[in-house]
Amino acid sequence: MKIEKISFKEYRNLKNAEVTPCAGINIICGDNAQGKTNFLEAIWLFTGGRSFRGSKDRDLATFGQKNASLSMAAESFGRVQDLKIDVLDGKRFVTINKVPQRSASDLIGHLCAVVFSPLHLALIKDGPGVRRKFLDTAICQTQPKYTAHLLKYNHVLNQRNSLLRHLKKSKNLDDTLDVWEEKLAEYGAALIERRFSYVEKLKELAAEFYLGLSSKKEKLSMQYKTTMNADVEGVLEKCFIKKDFLQKLRESREEDVSLGFTTRGPHRDEIEIKIDGKSARMFSSQGQQRSAVLAMKLAEAELVQQTVGETPVILLDDVLSELDGSRQSYLLECISEKQVFITCCEPEIAKRMPVGQVFEVLNGEFKPKN
């Protein structure tokens, strides 16, 4: 996949402009708070996901403005598509080839991208929810139907949780709970199956990339941990997971009613990440954690290419300055055949790299340097 041009109007602090990147490595250089990360965020929004910074749609417009617009010409599968995002009164509206879409998620599959920013160190540092979100976002890009399963699961989960709270006052709602639990087990089984399958592929690739980043000095391992009792073989069978999930829901009813929420299911699952057999969260250095997340992101990009058949766009936000020379060289080698956007504050970094295009950003204004 390749971005041929992207334009923005009244978006964040960026001056209204059209940017034409090259097909290789694009460096976006400038001091902090000039708009570099805003530019990467604009690209990411065309994947159909929410801002990787956790921002609300209403925050996308320039300060003091209610509306903003982004346009992109992106090539995939030999065809250039015109994509447009309008932010109107805090909501995103999407147009694909001049045809209005039902929701922003309809962009999924038209542009695939993998992003790494300092915020993604939370994949190691923070709790299981961050790692579940990483999984769900990554799988949605390559399996659009997963998005529907996820939305259905979350809807049914909210319904069951609401009933659990009402059961404290009225015990005659048990029959209604049976209906929601059947649906929860059905949708939950689909999520667990796909997440497990994805992690099985991801962990092999991530381990290989981590070996390269660490000069073969350390080993990275990952494992999907579910609240179900399914073993490695059985977890791939949806019917097995559903039966097990349904049983767990009924066994935990009393506890769930007492707590007022559902204690079992994929919304409580985890990815266990270790370096040399020890918890990466508890025992790894900042550098090791950064390399682990980079390895996971490189593995994610490889899985996009294997699944979709097109190379994803790579977005690297302030990454190179924190890596030593050998890690920089290895990273650049891994992404050399992809379209890449790298932000940095140091102009010297651009001089040391096989760059195709350099842009300087000053007060939100883009200026090509070569």
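The values are calculated or read from the model by the stated rules, or taken from the named source; none is laboratory data. Everything numeric in this text was worked out from a predicted model, so none of it was measured. Because the Cβ atoms are built from the backbone with ideal geometry, glycine has one as well, and the counts that use them run over all protein chains shown. Heavy atoms of the whole protein, side chains included, go into the accessibility calculation; ligands, DNA and RNA do not. Shrake-Rupley method; radii C 1.70, N 1.55, O 1.52, S 1.80 Å.
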query = Just one of the numbered conditions (1) within 20 Å of the chain's Cα centre (by Cα); (2) assigned to a strand (DSSP E or B) is not true of Leu111; which one?
reply = (2)
task = Identify the residue in segment 204-219 that is crowded, with 21+ Cβ neighbours inside 10 Å and under 20 Å from the mean Cα position of the chain (by Cα) and, among all such residues, is nearest to Thr147 (Cα to Cα).
result = Ala206
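Mind telling me which of the residues Ile28, Ile43, Ile6 ends up being surrounded by 17 or more Cβ atoms within 10 Å (Cβ to Cβ), among the hydrophobic types (A, V, I, L, M, F, W, C) and over 18 Å from Ile85 (Cα atoms)?
Values: Ile43 fails: over 18 Å from Ile85 (Cα atoms); Ile6 fails: over 18 Å from Ile85 (Cα atoms).
Criteria check complete, one pass: Ile28.
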key: Failed item, numbered, when Ile27 is tested on (1) among the β-branched types (Val, Ile, Thr); (2) over 21 Å from Leu362 (Cβ atoms); (3) in a strand (DSSP E or B)   = (2)
task = Considering every residue within segment 338-358, establish whether at least one is exposed (fewer than 15 other Cβ atoms within 10 Å of the Cβ), at pLDDT 85 or above, within 30 Å of Leu135 (Cα to Cα) and among the charged types (D, E, K, R).
result = no
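Taking segment 106-121, which residues are on the phi < 0 side of the Ramachandran plot and open to solvent by 20 Å² or more (accessible area, probe 1.4 Å)?
Our first condition is that a residue be on the phi < 0 side of the Ramachandran plot; within segment 106-121, this holds for 106-108, 110-121.
If the condition is that a residue be on the phi < 0 side of the Ramachandran plot and open to solvent by 20 Å² or more (accessible area, probe 1.4 Å), then Asp106, Ile108, His110, Pro118, Leu119, His120 are the ones that fit.
Give segment 243-266 a look and list any residue that's closer than 30 Å to Lys169 by Cβ, open to solvent by 40 Å² or more (accessible area, probe 1.4 Å) and assigned to a helix (DSSP H, G or I), or say none.
If the condition is that a residue be closer than 30 Å to Lys169 by Cβ, open to solvent by 40 Å² or more (accessible area, probe 1.4 Å) and assigned to a helix (DSSP H, G or I), then Gln247, Arg250, Glu251, Arg253, Glu254, Glu255, Ser258, Leu259 are the ones that fit.
Do we have Val87 as surrounded by fewer than 16 Cβ atoms within 10 Å (Cβ to Cβ), assigned to a strand (DSSP E or B) and not aromatic (Phe, Trp, Tyr) here?
Numbers: surrounded by fewer than 16 Cβ atoms within 10 Å (Cβ to Cβ): no; assigned to a strand (DSSP E or B): yes; not aromatic (Phe, Trp, Tyr): yes.
No.
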query = In segment 46-69, which residues are without any contact (Cβ under 8 Å) to a residue 60 or more places away in the chain and either open to solvent by less than 20 Å² (accessible area, probe 1.4 Å) or polar (S, T, N, Q) (or both)?
reply = Ser51, Ser55, Leu60, Ala61, Thr62, Gln65, Asn67
inquiry  = Tell me yes or no: at least one residue of segment 11-19 is at negative phi, in a strand (DSSP E or B) and open to solvent by less than 10 Å² (accessible area, probe 1.4 Å).
reply    = yes
ask   = Ser170 passes all but one of (1) buried (at least 21 other Cβ atoms within 10 Å of the Cβ); (2) more than 24 Å from the chain's Cα centre (by Cα); which number fails?
value = (1)
ask   = Any residue in segment 32-43 that is in a loop (DSSP other than H, G, I, E, B) and in contact with a helix residue (DSSP H, G or I) (Cβ under 7 Å, 6 or more places away or on another chain)?
value = no
ask   = Hey, any hits in segment 126-139 for a residue that's surrounded by fewer than 20 Cβ atoms within 10 Å (Cβ to Cβ), at pLDDT below 90, of a type outside the set (Asp, Glu) and in a helix (DSSP H, G or I)?
value = no
Scan of segment 273-309 for residues that are under 15 Å from Ala138 (Cα atoms) and open to solvent by 10 Å² or more (accessible area, probe 1.4 Å), ordered by number = Lys297, Leu298, Glu302, Gln305, Gln306, Thr307, Val308
